[in-house]
Amino acid sequence: MAWRLYFFPKVGTGSLADPIRPKYLRELGIAFAAMDYGGEAIYLAGAEVTTSQHIELAAHPDSLALPAQLDKLVGADAIPAIRIRLEGAGLPGLWVTSAMTYRQVLHVIGQIMQFAQRFRGVVRRGLFDGGVTLETLLNELTLVGQQDLRDVAISLQLDPSKLILTASLRDILRTVTSSLAPAVVGSEQL
C-alpha cells in the first residue's frame, strides 16, 4: 500500500445515498481524504492504494495521477497534461514549469482551492458562476462580485490590495492566495 494523490472529477447529487465525492474511490471501497475546488467539478484526493488500485485509478482518462515522490521535478513531458487538466477544471495551470516540483505545484493549487472553498462558503456560489472565466478581469465583474472577492480575501486575512481591477481572475487567484498556509490532504502537506 502506498499513499497517492490524484485529481478526480466531482460526482454525486449530495444526498445521503449519493454524497458529493471524488469519482471512483467510493465505488472501489477505498478510504480517502480530499479537498474540492469550491463549487467547481474537481477534487484533489489522497488515498492508501495497492499497486493494482493505483493502475486502475490512473487509467481513467478523466483522472490525473500524481507521482508518489512529490518532491521530484515536473518533467517537461508531463507539463501539457497537467496544464490541460488544471485549466479544464478552472484552475490556473499555465504557470507550471519543469523547474518546479510536484509539491510546489500542489502548494499553489491547494491555496487556490482553499480560497474557492471559502468563497463557496461565504458567498454561496462558485467562482465561475454567471459566465466568469479565468480570463475575466476584476473590473468586468459586477460591483457585488468584486466585493465578494474582497470579503473572502479579508476573511482569510489576505491582502485585498492585490485585487487589482485590471487583473484577470487567473492572476488574482495566484497572487491573492500566495500567503495562505499550505493545504493538507490526509497527512500530506502540500
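Read-outs: derived from the displayed coordinates by stated rules, not from any lab. Everything numeric in this text was worked out from a predicted model, so none of it was measured. A quick note on method: Cβ atoms are made from the backbone with ideal geometry, for glycine too, and the neighbour counts reach across all protein chains shown.
Here are a few things to note about the model shown:
- Computed packing ranks the peptides 152-164, 71-83, 113-125 as 113-125, 152-164, 71-83, most packed first, by mean other Cβ atoms within 10 Å.
- The string of couplings for segment 26-38 from the Karplus curve (6.51, -1.76, 1.60, θ = phi - 60°) is 4, 4, 8, x, 9, 5, 8, 10, 8, 10, 9, 9, x Hz, one whole number per residue in order, with x for Gly and Pro.
- For the chain, the membrane-span-like helices by this rule, meaning whole DSSP H stretches whose C-alpha atoms cover at least 24 Å of axis and whose Kyte-Doolittle mean is -0.5 or above, are 102-123; this says nothing about an actual membrane.
- Each of (1) 1.30; (2) 1.17; (3) 1.03 is a candidate for Cα Rg over 2.2 N^0.38 Å; the one calculated from this structure is (3).
- Using a simple spin-label model with pseudo-atoms 7 Å out from Cα toward Cβ, residue 179 and residue 59 lie 4.8 nm apart.
- Computed E for residue 77/residue 41 - FRET, C-beta separation, R0 25 angstrom, nearest 0.05: 0.40
- A full extension of the chain between residue 48 and residue 28 corresponds to an added length of 6.0 nm, given 0.36 nm per residue minus the alpha carbon distance.
- Charge dipole (debye, nearest 20) of the chain; +1 at Cβ of Lys and Arg, -1 at Cβ of Asp and Glu: 180 debye
- Packing, taken as the mean count of other beta carbons within 10 Å per residue, orders the peptides 50-60, 21-31 from highest to lowest as 21-31, 50-60.
- Approximate spin-label separation residue 122-residue 85, in nm, with each point projected 7 Å along Cα-to-Cβ: 3.0 nm
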